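The block underneath contains the structure these notes are about, expressed in structure tokens.
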């Protein structure tokens with residue numbers, strides 16, 4: 001099995017469920033790159049407005065998506081955001097956690113774009 005891991009993402013799960021089919025992997029990567037970034041913006045807006053249920057819901061969805069691409073460290077941040085919104089404990093730390101999530105998320109997306117481009121070169 002080819003290794004699709006980097007500092008922030010580990011696509012071994014995606015590679016496994018797609019049976020290492022580049023087209024299938026590209027489909028899932030495209031979905032992530034289209035769907036996840038707007039959720040970060042929605043999360044930021046929800047944090048600004050202190051919409052706890054919305055924060056919890058978006059963070060939960062992001063956590064799942066991040067796990068899917070093997071971004072475990074970023075998924076943990078999303079989990080902490082979800083938990084803070086859910087329990088009310090450490091809600092004042094949400095802006096700091098969001099900032100860290102955004103920085104790491106952008107780096108993971110950049111890495112994912114590189115993987116996508118490499119896969120596209122193999123498919124063409």
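Read the figures in this text as sums done on the coordinates, not as results from a lab. Only a predicted model underlies this, so the values are computations on that prediction, with no experimental measurement involved. Here the Cβ is made from the backbone with ideal geometry for all residues, glycine too, and neighbour counts use every protein chain on show.
Remark: spin-label model distance residue 10-residue 53 equals 3.7 nm, labels positioned 7 Å along the Cα→Cβ axis.
In a fully extended conformation the segment linking residue 96 and residue 33 would gain 20.3 nm over its present Cα-Cα distance, using 0.36 nm per residue. Adding -39500 (n - 2.57) for every DSSP H run of four residues or longer, then dividing by how many residues the chain holds, sets the calculated 222 nm ellipticity at -27000 deg cm²/dmol.
Which log10 I(q)/I(0) values does the chain give at q = 0.09, 0.11, 0.15 Å⁻¹ under the Debye formula, counting every alpha carbon as one identical point scatterer? Debye curve over Cα of the chain, log10 I(q)/I(0) at q = 0.09, 0.11, 0.15 Å⁻¹: -0.26, -0.38, -0.65. Descending by average beta-carbon neighbour count within 10 Å, the peptides 61-73, 43-55 line up as 61-73, 43-55, the highest first. If you wrap the tightest convex hull around every Cα atom of the range 53-124 and split its volume per residue, you get 77 Å³.
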